[in-house]
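The values are calculated or read from the model by the stated rules, or taken from the named source; none is laboratory data. Only a predicted model underlies this, so the values are computations on that prediction, with no experimental measurement involved. Note that we place each Cβ from the backbone using ideal geometry, even for glycine, and neighbour counts take in every protein chain shown. Side chains are part of the model used for accessible areas, which takes the heavy atoms of the whole protein and leaves out ligands, DNA and RNA. Shrake-Rupley method; radii C 1.70, N 1.55, O 1.52, S 1.80 Å.
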Amino acid sequence: MSTQIDHLLNETRRFSPPDGFAAQAVGSADLYARAAEDREGFWADQARELHWHTPFTEVLDWSTPPFARWFGDGELNVAYNCLDRHVEAGHGDRVALLWEGEPGDERAITYSELTAEVSRLANVLEGLGVGEGDRVAIYLPMIPEAVAAMLAVARIGAIHSVVFGGFSADSLRSRIDDAGAKVVITADGGYRKGKVSALKPAVDLALADRNGSGVQESVEHVIVVRRGGNDVDWTPGRDLWWHDVVPAASPAHTARAFPAETPLFILYTSGTTGKPKGILHTSGGYLTQAAFTNRVVHDIHPETDVYWCTADVGWITGHTYVTYGPLANGATQVLYEGTPDAPHPGRWWEIIQKYGVTVFYTAPTAIRSFMKIGRQVPQGFDLSSLRVLGSVGEPINPEAWVWYRDIIGAERTPIVDTWWQTETGAMMISALPGVTETKPGAAQVALPGITIDVVDDAGEHVGTGNGGLLVVTEPWPSMLRGIWGDPERFVETYWEKFADRGFYFAGDGARLDEDGDIWLLGRVDDVMNVSGHRLSTAEIESALVAHEATAEAAVVGASDETTGQAVVAFVILKQSYLDRHSAEGLATTLRAWVGEQIGPIARPRDIYIVGELPKTRSGKIMRRLLRDVAEGREVGDTTTLADTMVMSTIQAKITTK
Ligand code: ATP
Ligand code: MG
């Protein structure tokens, strides 16, 4: 069967960089030329922006693919690069973290203070017998201690496994066991949606009742931050309060040098398509690409910018663009504990106004939820400090992109749509602000030093104007080094498909437009086959979102007797539309609309108006569950779903139709 994906959506809007932006931009068109001329030399230059205790002489070792080694004979300390180095350069008084708690409490932490805190915790961990290669699980709310914990683990050459604070005891347990964690760092609780959500009980539960499970308990200690003030059970000898042990420890800690390929962290993927995979990242190459991409794509000027990435540290975006990238660059950033709508729907915009945020990085799911509530909320705040806006996590519909630029970015700021994955470690495809003429809905170009192609099943380049499979054709510094404990799954999942060519298979569909720019079309598993045409979820969803009534849409292919598969759409409406119109007859209107916008073949057979869509905890739409509903099957594994009620609500809606 052909892997060509039909292209239907026609988006012709173009936006030039704002006047004067290029003159001050960190990135420039030269970067592409330099990288094209000598790719490894280019990455070596980027790596030399870091501090190496022992400089590397070798850049890339690809002698045993798919196992890469970058800067293999060099030695560095990741935490030293994110902390001490800035203090030693005279920037100790610069604020590293502008933390805002959900209830409105705040802390500003300088690079000197963060260095001291991380050093203390590093001493505590070493005192507990944690050393090079040991695993530490981190299960915390978005508080400064979460960032400090990651850096303290990195500082001593241990490996962190951050588990999102919203995950259950079961998910935590399987991640602790998979990694064999020796220590867990947690909190009593954290604030979410106006109340304390407890964390420590989940840790207790995850560590309790092992009898008969066959798993040897690996955890020796649990360090607990007091944040929620909620009552917690205590296991003497095992449990330690952060405030008892960390302040008492010495703030002096020598950051030892570790080889560049020292494992830095294990992180599980979002679980959008199935069981999460424990992705392993190492030190030198990861930090190089994290710092470089943050600097050029977010255009970071550490002396003046106030940067804010809204991702939780439980996701890869929080690892690379909250902890490692910005701190390696010596930037000042906002860290916010809570949800976007607590205690009021304008909370994020209030934070941007309060701290004068200049660079803002968030996900399409958040943008679409703001579109649903309406523009009057952000318009009630002064957002004029913003100068770069970024998007990550899913394809951003052109309409959401334009809304983001117009309403949040005052019709002025460049938008960077950044494609990457837990596995890629850092951004791979994105416009450069001030350099690239942007196209709403397109991630556009491979970053300098990154080689991407769109190919057919045989690995042949599809050519401009065509759709196919997204691949990375050459190794990159921040690439995953494996799946923890499962080298076979690593080879099978990413490398087997194009083994003869040595391409990394990303699992996403993409299209090259006439200029050769890349448009992400959604996951290959989600591509629909209607009467022999392969249709992309992203394009039909974007057409639906382009209608004034629609805030968000998810489409899936459901088996159909006549067409093989039929398009089934689930649509969330905008509040502003519902205030003025009834939803009566809207399904018919929207069906016709899609037909006009992109062609009759894409017209959904069924359209369901729903209040919510099933999403992972990182906010991605889980289409496989909607497919189950659309085909009348029992809904599959929902363990990575953020809100398990959503599926029953949707199902009820459909059966009563
Ligand atoms: P799992 O692999 O367990 O199913 P996941 O793929 O959702 O989970 P992540 O690594 O968090 O886990 O997400 C990476 C995926 O997110 C990409 O493969 C792609 O499908 C999507 N994605 C991320 N950024 C973009 C973007 N800018 N445009 C389009 N898609 C994106
Ligand atoms: Mg994935």
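Is region 531-656 best put as rounded, prolate or oblate by its Cα gyration tensor, with a ≥ b ≥ c the root eigenvalues, rounded for a/c under 1.5, and otherwise prolate when a/b is larger than b/c, oblate when not?
The shape class here is oblate.
Ignoring ligands, DNA and RNA, what percent of the accessible area of region 73-224 is carbon or sulfur (1.4 Å)?
The nonpolar share, carbon plus sulfur, comes to 47 percent.
If you rank Tyr32, Tyr321 by how much accessible surface each has, with a 1.4 Å probe, what is the order from largest down?
My answer, sorted largest first, is Tyr32, Tyr321.
Go through region 556-561 residue by residue and turn each phi into a ³J(HN,Hα) via Karplus (6.51, -1.76, 1.60, θ = phi - 60°); whole Hz please, and just put x for glycine and proline.
So the Karplus estimates, Gly and Pro as x, are 9, x, 10, 4, 9, 4 Hz.
Kindly express, to the nearest 10 degrees and within the range 0 to 90, the angle between helix 586-598's C-alpha long axis and the longest C-alpha principal axis of the chain.
The angle comes out at about 90 degrees.
Mark the label point 7 Å from the Cα of Gln24 along Cα→Cβ and return the residues of region 364-388 whose backbone N is within less than 15 Å of it.
Under cut-off, by backbone N: 384-388.
Under a straight-distance cross-link criterion of Cα-Cα below 14 Å, which aspartates and glutamates are reachable from Lys372, leaving out those fewer than 8 residues away in the same chain?
Asp341, Glu399, Glu548, Glu552, Asp579, Glu612
Scattering from the C-alpha atoms of region 235-367 alone, worked out with Debye: what is log10 I(q)/I(0) at q = 0.09 1/Å?
-0.37
Roughly speaking, what % of Cα-Cα pairs in region 65-169 are separated by over 21 Å, rounded to a whole number?
45 percent
Could you give the length gained by full extension between Asp382 and Asp341, i.e. 0.36 nm per residue of separation minus their alpha carbon distance, to one decimal place?
13.0 nm
DSSP loop GluC sites (Glu not before Pro) in region 475-509 with at most 15 other Cβ atoms within 10 Å of their Cβ, which ones?
Glu496
Given labels modelled 7 Å from the Cα in the Cβ direction, how far is it in nm from Thr638 to Thr254?
For Thr638 paired with Thr254, the spin-label model returns 5.6 nm.
Once label points are set 7 Å from the Cα along Cα→Cβ at both Gln651 and Thr64, what is their separation, rounded to one decimal in nm?
4.8 nm
To the nearest 20 debye, what is the magnitude of the charge dipole of region 531-656 about its Cα centre, counting +1 on the Cβ of each Lys and Arg and -1 on the Cβ of each Asp and Glu?
200 debye
In terms of solvent-accessible area of protein heavy atoms at a 1.4 angstrom probe, what is the ranking of Arg501, Arg523, Arg347, Arg580, highest value first?
Heavy-atom accessible area, descending, gives Arg580, Arg501, Arg523, Arg347.
What is the spin-label model distance, in nm, from Glu548 to Asp105 if the labels are put 7 Å beyond Cα along the C-beta direction?
Inter-label distance under the simple model: 4.7 nm.
Amide H neighbours of Asn77 under 5 Å, at least 5 residues apart or on other chains, H built in the peptide plane: list them.
The list, which skips near neighbours in sequence, is His53, Phe258.
What are the ³J(HN,Hα) couplings of region 37-54, residue after residue, when phi is run through the Karplus curve with 6.51, -1.76, 1.60 and θ = phi - 60°? Round to Hz, x for glycine and proline.
6, 8, 4, 5, x, 4, 5, 4, 4, 5, 5, 6, 5, 8, 8, 10, 5, 10
Once you have a ≥ b ≥ c as the square roots of the Cα gyration tensor eigenvalues for region 354-407, tell me rounded if a/c is under 1.5, and otherwise prolate or oblate according to whether a/b is larger than b/c.
Note, shape of region 354-407 comes out oblate.
Based on the alpha-carbon gyration tensor of region 295-356 and its eigenvalue square roots a ≥ b ≥ c, which shape applies: rounded if a/c is under 1.5, prolate if not and a/b is larger than b/c, or oblate?
Here region 295-356 falls in the oblate category.
Within region 185-270, report the GluC sites (Glu not before Pro) that DSSP leaves as loop and that have at most 13 other Cβ atoms within 10 Å.
Glu217
If you average the alpha carbon positions of region 256-273 and of region 319-383, how far apart do those two centres end up, in angstrom?
Computed from Cα coordinates, the inter-centre distance equals 26 Å.
Name the lysines eligible as straight-distance cross-link partners of Lys182: C-alpha to C-alpha under 20 Å, and not fewer than 8 places from it in the same chain.
Lys200
Ignoring ligands, DNA and RNA, what percent of the accessible area of region 531-656 is carbon or sulfur (1.4 Å)?
Heavy-atom surface of region 531-656 belonging to carbon and sulfur, 1.4 Å probe: 47 percent.
What is the set of long-range amide H partners of Val445 at a cut-off below 5 Å, with H atoms built 1.01 Å from backbone N?
Ser430, Ala431, Ile518
Per Stokes-Einstein, at 25 °C and 0.890 mPa s, what whole-number D in µm² s⁻¹ belongs to the chain, with the Kirkwood radius over Cα pairs as the hydrodynamic radius?
97 µm²/s
Relative to the longest principal Cα axis of the chain, at what angle does helix 169-179 sit, 0 to 90 degrees, rounded to 10?
60 degrees
Please work out the Kirkwood hydrodynamic radius for region 43-121, using every pair of different C-alpha atoms, and report it in angstroms with one decimal place.
For region 43-121, the Kirkwood estimate is 14.9 Å.
Can you work out the FRET efficiency for the pair Arg226 and Gln4, with r the C-beta to C-beta distance and R0 = 51 Å, to the nearest 0.05?
So, using R0 = 51 Å, E works out to roughly 0.35.
Taking a cut-off of 18 Å between Cα atoms, list the lysines near Lys653, but don't count ones fewer than 8 places away on the same chain.
Lys615
Can you list the HN-Hα couplings for region 513-530, worked out from phi with the Karplus curve (6.51, -1.76, 1.60; θ = phi - 60°), rounded to whole Hz and with x for Gly and Pro?
Once θ is set to phi - 60°, the couplings for region 513-530 become 7, 4, 8, x, 6, 9, 10, 7, 10, x, 6, 4, 4, 9, 4, 9, 10, 10 Hz.
Put +1 on the Cβ of each Lys and Arg and -1 on the Cβ of each Asp and Glu in the chain; which of Ser391, Ile159, Gly502 then has its Cα farthest toward the positive end of the dipole?
The residue sitting most towards the positive pole is Ser391.
Restricting to DSSP H runs of at least four residues, report the calculated mean residue ellipticity at 222 nm for the chain, -39500 (n - 2.57) per run over all residues, nearest 500 deg cm²/dmol.
-7500 deg cm²/dmol
Report, as a whole number in µm² per second, the diffusion coefficient that Stokes-Einstein gives for region 344-465 at 10 °C and 1.306 mPa s using the Kirkwood radius over alpha carbon pairs.
102 µm²/s
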